[in-house]
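In what follows, a structure is listed as structure tokens, so that the remarks can point back to it.
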Amino acid sequence: MAKIHINIGSNQNREANIAGAIDYLKLNFADIKISDIFESPAEGFEGDNFYNMGVNASTALSVEDVNAVLKNIEKTFGRDRAQPKFSSRVIDLDLVTYDDVIDLNANLPRDDILKYAFVLAPLAQLSGDDVHPLAKQTYQQLWQSFQTDNQFELSRYNIEKILS
């Protein structure tokens, strides 16, 4: 079984869409662990704030099959993939890590880990002691450096308060 990390993001009907996405992830993957929710402003466009969170899970599926499951879940929620990369999202599910696999064609580990607080923060919370296979630092070390070196707006909420 592979250990995977998925980032969930939404800035439209955030609570309901994230709760629904978690339900679908539970149907498709095992050993689900959920981070807190991190709220951040839209990146690269004007729009409502996003809720982002991370989910660790186990799967016997291949990278390609995991990505297919995530795309199907997005499609269920009405995600329009014709929209620009930087735009509002009903739901966004990204495979961030798949064990220690390095696959640049599949963007693994996802390059957003080192770019965006809303991707790194949940990963550091759930898998802080795991080592980024390219950066050769733990996710907690990367998060500490990120906090020192970068300016960003990120609010953290306990998942139970948001989804209850």
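Output the residue which, of all residues in the stretch 42-52 that are in contact (Cβ under 8 Å) with a residue 60 or more places away in the chain and within 11 Å of SER10 (Cα to Cα), is farthest from the chain's Cα centre (by Cα). Among those that are in contact (Cβ under 8 Å) with a residue 60 or more places away in the chain and within 11 Å of SER10 (Cα to Cα), it is PHE50. If you go through the stretch 20-39 and keep only what is outside any strand (DSSP E or B), open to solvent by 10 Å² or more (accessible area, probe 1.4 Å) and farther than 11 Å from MET53 by Cα, you end up with GLY20, ASP23, TYR24, LYS26, LEU27, ASN28, PHE29.
Looking only at residues of the stretch 53-80 that are under 19 Å from ILE18 (Cβ atoms) and free of Cβ contacts under 8 Å to residues at least 24 places away in the same chain, we find that the one that is least open to solvent (accessible area, probe 1.4 Å) is GLU74.
Among the residues of the stretch 144-164, those identified as in a helix (DSSP H, G or I), surrounded by 13 or more Cβ atoms within 10 Å (Cβ to Cβ) and more than 15 Å from the chain's Cα centre (by Cα) are GLN144, SER145, PHE146, GLN147, ILE162, LEU163. With respect to being open to solvent by 10 Å² or more (accessible area, probe 1.4 Å), polar (S, T, N, Q) and more than 21 Å from LEU25 (Cβ to Cβ), THR138 fits the description.
Check the stretch 45-52 and report whether any residue there is loosely packed, with under 15 Cβ neighbours inside 10 Å, touching a helix residue (DSSP H, G or I) at 6+ places or on another chain (Cβ under 9 Å) and not charged (D, E, K, R).
Checked against the condition, which is being loosely packed, with under 15 Cβ neighbours inside 10 Å, touching a helix residue (DSSP H, G or I) at 6+ places or on another chain (Cβ under 9 Å) and not charged (D, E, K, R), the stretch 45-52 yields at least one hit.
When residues of the stretch 3-15 are filtered for being exposed (fewer than 14 other Cβ atoms within 10 Å of the Cβ) and either in contact with a Phe, Trp or Tyr (Cβ under 7 Å, 6 or more places away or on another chain) or not in a loop (DSSP other than H, G, I, E, B) (or both), how many remain? Even if it seems obvious, please write down each step before you answer.
Filtering the stretch 3-15 down to residues exposed (fewer than 14 other Cβ atoms within 10 Å of the Cβ) leaves 13, 15.
Among the residues that remain, those that are also either in contact with a Phe, Trp or Tyr (Cβ under 7 Å, 6 or more places away or on another chain) or not in a loop (DSSP other than H, G, I, E, B) (or both) are: 15.
Residues flagged as exposed (fewer than 14 other Cβ atoms within 10 Å of the Cβ) and either in contact with a Phe, Trp or Tyr (Cβ under 7 Å, 6 or more places away or on another chain) or not in a loop (DSSP other than H, G, I, E, B) (or both) within the stretch 3-15 amount to 1.
Determine if the stretch 114-125 includes at least one residue that is open to solvent by 30 Å² or more (accessible area, probe 1.4 Å) and hydroxyl-bearing (Ser, Thr, Tyr). Within the stretch 114-125, one or more residues are open to solvent by 30 Å² or more (accessible area, probe 1.4 Å) and hydroxyl-bearing (Ser, Thr, Tyr). Return a yes/no flag: does the stretch 41-48 have any residue that is part of a loop (DSSP other than H, G, I, E, B), of a type in the set (Phe, Trp, Tyr), more than 18 Å from GLN125 (Cβ to Cβ) and touching a Ser or Thr at 6+ places or on another chain (Cβ under 8 Å). Yes, the conditions are met somewhere in the stretch 41-48.
Which one of ALA121, ALA117 is within 15 Å of the chain's Cα centre (by Cα) and modelled with pLDDT of 95 or more? Exactly one residue qualifies, and that residue is ALA121. The residues on offer are GLN125, GLN141, and the sole one that is farther than 23 Å from ILE22 by Cα and in contact with a Gly (Cβ under 9 Å, 6 or more places away or on another chain) is GLN141.
The values are calculated or read from the model by the stated rules, or taken from the named source; none is laboratory data. This is a predicted model, so every value here is computed, not measured. When we count neighbours, we look across all protein chains shown, and the Cβ atoms used for this are built from the backbone with ideal geometry, even at glycine. Note: accessible area is taken over every heavy atom of the protein model, side chains too, but ligands, DNA and RNA are not part of it. Shrake-Rupley method; radii C 1.70, N 1.55, O 1.52, S 1.80 Å.
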